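The values are calculated or read from the model by the stated rules, or taken from the named source; none is laboratory data. For clarity, every value in this text was computed on a predicted model and none was experimentally measured. Using ideal geometry, Cβ is built from the backbone for each residue, glycine included, and neighbour counts are taken over all protein chains shown. Just the protein is used for accessible areas: all its heavy atoms, side chains included, with ligands, DNA and RNA removed. Shrake-Rupley method; radii C 1.70, N 1.55, O 1.52, S 1.80 Å.
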Amino acid sequence: MADTGKTAKLEISGETYELPIFAPTAGPDVIDIRKLYAKAGVFTYDPGFTSTASCDSTITFIDGGKGELLHRGYPIDQLAEKSHYLEVCYVLLYGELPSAAQLEDFEGRVTNHTMLHEQMQFLFRGFRRDAHPMAIMVGVVGALSAFYHDSTDINDPWQREVASIRMIAKMPTIAAMAYKYTIGQPFVYPRNDIDYASNFLRMCFAVPAEDFEVNPILSRAMDRIFTLHADHEQNASTSTVRLASSSGANPFACIAAGIACLWGPAHGGANQACLEMLREIGSVDRIPEYLARAKDKDDDFRLMGFGHRVYKNFDPRAKVMKQSADEVLDLLGVEDNPTLQVAKELEKQALEDDYFVDKKLFPNVDFYSGIILEAMGFPTSMFTPIFAVSRTVGWISQWKEMIADPQLKIGRPRQLYMGETLRDYVDIENR
């Protein structure tokens, strides 16, 4: 970040304070308020931190007005169309596109860390069979620190690197094992001779009783889901990982904290909410009724999977995800699935409706990813775990960046206290 030479002037009770203004390489300028309390004795008030930059970062940039998402400067649509998930992981972790030799080495390191310590199977069996897969993932990922002591020292760059590779490699295995456990099927071990997305699908859907071949269209769609959710700047779960890591906690604990935050329906559950809405609509003939309800300000119904809090124009990830959704539905068909029939027709009618077009309420990435995962046969309880698999590399990239930052301080937000002031304790017999 560069000092612009400009300052912002803040007047408090007749006193004027000058605050430096810094310029990023992209996005709005920021006012540096780090010394505001020391100079003026006041804090700023910003619930949700929607107007506060908590860090400087070189990883991901979002321009919601333009519908732009860049990873290390590379547009997400180009990465999703021309690249694949593990190459995007490399870009996020190291800042540049890899050479062929670098990519081969990176893929090899990830592939060789996909297995879990065999004793961790007992951890899974400690959960009830009806446990939510996210509950299992929070516990198991946090427990990785109890099994991999050689990669928990955050002050050792080599251990940070090993921890990063391990989590990217093991997260699909953990998610697949959580799924298998909840449906009562045996765990399927990863294989080193197939790609990352295919390996995940195989671990989820293969059974020992018969051979399993992953369809390349489904594998490519899964890879795109991973790619398009890999990182999204300083969102709630990423900020959680950064806050947890600011205390010096081990990397496995920090990622477990990110998974816990992602579990919230306002964050990682958007595509699940979309599928639940489609099931509520139920049939194609009811779509006009629900579109009318969505336009009615007095109706509580909201069209899930349309529009986005960050993107005020269009979600740049949605175009690529729509292509995958169309390919998957063409492959698997929708004839026997009323939910997918509703999804296709709802998309068509909403895109032809002037109300939604004028308000730029286009289908977003959650709408299409939910359709794809439903078509593949995943239950909605697995949508957020899959999101966690995707986002792991983003969390780790942000974690590594923060740990290496010489300005690192433990997170300590301030508050606007509205409670009681000083008062004396009253003995119980006098109350």
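Restricting things to Cα coordinates, could you compute the convex hull volume per residue of region 59-173 in Å³?
145
Under the definition of Cα pairs under 8 Å and six or more residues apart, what whole-number percent is the relative contact order of region 4-64?
This gives 21 percent for region 4-64.
Given the whole protein assembly as supplied and a 1.4 Å probe, what does the accessible area of Ile386 come to in Å², nearest 10?
Accessible area, nearest 10 Å²: 0 Å².
Using all C-alpha to C-alpha distances in region 156-230, build P(r) with 10 Å bins and read off the rounded percent in each one.
18, 45, 29, 8, 1
Are any of the pairs Lys35/Lys360; Lys66/Lys344; Lys6/Lys82; Lys295/Lys319; Lys6/Lys359 more than 31 Å apart by Cα-Cα distance, and if so, which?
Those over the limit are Lys35/Lys360; Lys6/Lys82; Lys6/Lys359.
Leaving ligands, DNA and RNA out of it, rank Arg279, Arg391, Arg128, Arg414 by accessible area with a 1.4 Å probe, largest first.
Numbers: Arg279 105, Arg391 5, Arg128 165, Arg414 140 Å².
If we order Arg279, Arg391, Arg128, Arg414 from most to least accessible, we get Arg128, Arg414, Arg279, Arg391.
For region 350-423, state which GluC sites (Glu not before Pro) are in a DSSP loop and have at most 13 other beta carbons lying within 10 Å of their beta carbon.
Glu352, Glu420
Give the peptides 174-180, 291-297 in descending order of average Cβ contacts within 10 Å, highest first.
174-180, 291-297
Expected output is a single nm value to one decimal: the length gained when fully extending between Gln119 and Lys35, i.e. 0.36 nm times separation in residues minus the C-alpha distance. What is it? Provide the component values of the computation, followed by the final result.
On the way: separation 84, 0.36 × 84 = 30.24 nm, distance 5.03 nm.
Separation in residues times 0.36 nm, less the Cα-Cα distance, equals 25.2 nm.
Could you tell me what fraction of 2.2 N^0.38 Å the Cα radius of gyration of the chain comes to, as a two-decimal ratio?
1.08
Measure off 7 Å from each Cα along the Cα-to-Cβ vector at Asp156 and Ile217, then give the distance between these two points in nanometres to one decimal.
Here the modelled spin labels are 4.9 nm apart.
Can you give me the distance in nm between label points at Asp299 and Tyr355, each placed 7 Å from the Cα along the Cα-to-Cβ direction?
0.7
Taking a cut-off of 19 Å, what percent of all Cα-Cα pairs in region 113-193 are separated by more than that?
The share of Cα pairs beyond 19 Å in region 113-193 comes to 37 percent.
Sort Leu201, Leu422 from largest to smallest accessible area, using a 1.4 Å probe on the heavy atoms of the protein chains.
Details: Leu201 5, Leu422 170 Å².
The ranking, largest first, comes out as Leu422, Leu201.
Roughly how big is region 1-138's charge dipole about its Cα centre, with Cβ charges of +1 (Lys, Arg) and -1 (Asp, Glu), in debye to the nearest 20?
With only Lys, Arg, Asp and Glu charged at Cβ, the dipole is about 480 debye.
With a/c under 1.5 counting as rounded, go ahead and sort region 317-431 into rounded, prolate or oblate using the C-alpha gyration tensor (a ≥ b ≥ c being the square roots of the eigenvalues; past the cut-off, prolate if a/b is larger than b/c, else oblate).
Prolate, since a/c reaches 1.5 and a/b exceeds b/c.
Divide by every residue of the chain the summed helix terms, -39500 (n - 2.57) for each DSSP H run of at least 4, and state the resulting mean residue ellipticity at 222 nm, rounded to the nearest 500 deg cm²/dmol.
Taken over the chain, the calculation gives -15000 deg cm²/dmol.
Rounded if a/c is under 1.5, else prolate if a/b beats b/c, else oblate: with a ≥ b ≥ c from the C-alpha gyration tensor eigenvalues square-rooted, which is region 43-89?
prolate
Can you work out the Karplus-derived ³J(HN,Hα) for every residue in region 250-256? Use 6.51 cos²θ - 1.76 cosθ + 1.60 with θ = phi - 60°, whole Hz, and x for glycine or proline.
5, x, 5, 5, 5, 5, 4
So how much accessible area does Leu332 have, in Å² to the nearest 10, using a 1.4 Å probe?
Solvent-accessible area, nearest 10 Å²: 80 Å².
Just subtract the alpha-carbon distance of Tyr425 and Glu15 from 0.36 nm times their residue separation and send over the number in nm, one decimal.
143.7 nm
I need to check one value: relative contact order of the chain, counting alpha carbon pairs closer than 8 Å and at least 6 residues apart, in percent. Provide the component values of the computation, followed by the final result.
On the way: 576 pairs, mean separation 81.3, N = 431.
Value for the chain: 19 percent.
How large is ³J(HN,Hα), in whole Hz, for each residue of region 84-96 in order, when computed from phi with the Karplus curve 6.51 cos²θ - 1.76 cosθ + 1.60 and θ = phi - 60°, using x for Gly and Pro?
Coupling constants for region 84-96: 8, 4, 5, 5, 5, 4, 4, 4, 5, 6, 10, x, 9 Hz.
When the Cα centres of region 183-220 and region 15-52 are compared, how far apart do they sit, in Å?
So the separation of the two Cα centres works out to 50 Å.
Ratio of region 340-389's C-alpha Rg to 2.2 N^0.38 Å, to two decimals?
Normalised Rg, Cα atoms only: 1.33.
Enumerate the calculated ³J(HN,Hα) couplings along region 282-294 in order (Karplus 6.51 cos²θ - 1.76 cosθ + 1.60, θ = phi - 60°), each rounded to whole Hz, writing x wherever the residue is Gly or Pro.
Along region 282-294, the couplings run x, 8, 4, 5, 8, 4, x, 4, 6, 5, 5, 5, 5 Hz.
DSSP loop (so not H, G, I, E, B), at most 13 other Cβ within 10 Å: list which GluC sites (Glu not before Pro) in region 80-119 pass both filters.
Glu96
Taking region 131-262 as the region of interest, what is the percent of Cα-Cα pairs per 10 angstrom bin, listed from the shortest bin to the one with the maximum distance?
Once binned at 10 Å, the Cα pair distances of region 131-262 give 12, 36, 36, 14, 2.
Relative contact order, percent, of region 71-191 when contacts are C-alpha pairs under 8 Å separated by at least 6 residues? Each step should come with its number before you reach the end.
Values: 88 pairs, mean separation 32.9, N = 121.
Value for region 71-191: 27 percent.
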